[in-house]
Amino acid sequence: MPQADLSYSAKIALDPAKILRTVEEVVSAHDAKAGACKGRAHPLEITHHDHVLLRLRMLNKPHRDDAFMTALVAALQTALRDMVPAPSILGIEIGFLEQHYASLTIP
C-alpha cells in the first residue's frame with residue numbers, strides 16, 4: 001500500500017484531497033496491484049518560497065525498477081502540474097518504505 005505525504009505552503013490555493021486522489025489514480029494506472037494509497041496533507045504556515053512537495057513511498061518490488069520509477073515521476077508531474085498555481089515549485093520524491101515496515105489494520 002503506497003503512502004503519499006503532501007507538504008505545501010499554506011498560502012497556496014490547493015485542493016489537497018484532489019491531489020491525493022490523483023496520486024492514487026496515477027499510481028494505480030502504473031501498477032494495478034499497488035492498492036489504495038494512504039495520503040496525508042500537511043499545510044505549512046512558514047515556508048521559504050512557495051512550494052509543494054509530494055513524497056511517495058512504496059514497497060520495494062522487483063518490477064519497480066529505475067525505468068518504472070522514472071515513468072511514475074513523469075506521470076505524476078504531468079497529472080499534478082495544473083493543480084499547483086504559478087509561481088510555485090512542485091517537487092516529487094519517490095522512494096521505498098523501509099525493509100522492516102509493517103502496517104496493521106485495527107478493526
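A few points about this structure:
- Database remark: amide H of L59 closer than 5 angstrom to the amide H of L97 (H placed geometrically; neighbours at sequence offset of 5 or more, or on other chains; Pro and chain starts carry no H).
- Here each label is just a point 7 Å from Cα along the line to Cβ, and for A86 and D5 those points are 3.1 nm apart.
- In this structure, A79 and Q99 have a Cβ-Cβ separation that, at R0 = 30 Å, corresponds to a calculated FRET efficiency of about 0.55.
- Taking the longest Cα principal axis of the chain as reference, the axis of helix 66-80 is set at about 40 degrees.
- Within straight-line cross-link reach of K61, aspartates and glutamates at Cα separation under 13 Å, skipping those fewer than 8 residues along the same chain: D31, E98
- Value of D in µm² per second that Stokes-Einstein yields for the chain, Kirkwood Rh from Cα pairs, at 10 °C (1.306 mPa s): 110 µm²/s
- In order along the range 27-38, the phi-based Karplus estimate (6.51 cos²θ - 1.76 cosθ + 1.60, θ = phi - 60°) of 3J(HN,Hα) comes to 4, 4, 5, 8, 8, 4, 8, 5, x, 4, 10, 6 Hz; Gly and Pro are listed as x.
- DSSP bridge orientation in the chain - percent antiparallel, rounded to nearest 5: 30 percent
Taken together, the values in this text are just the output of simple stated rules run on the coordinates, not laboratory data. A quick note: this is a predicted structure, and the numbers were derived from the prediction, not measured. Quick reminder, even Gly has a Cβ in these numbers, built from the backbone with ideal geometry, and neighbours come from all protein chains shown.
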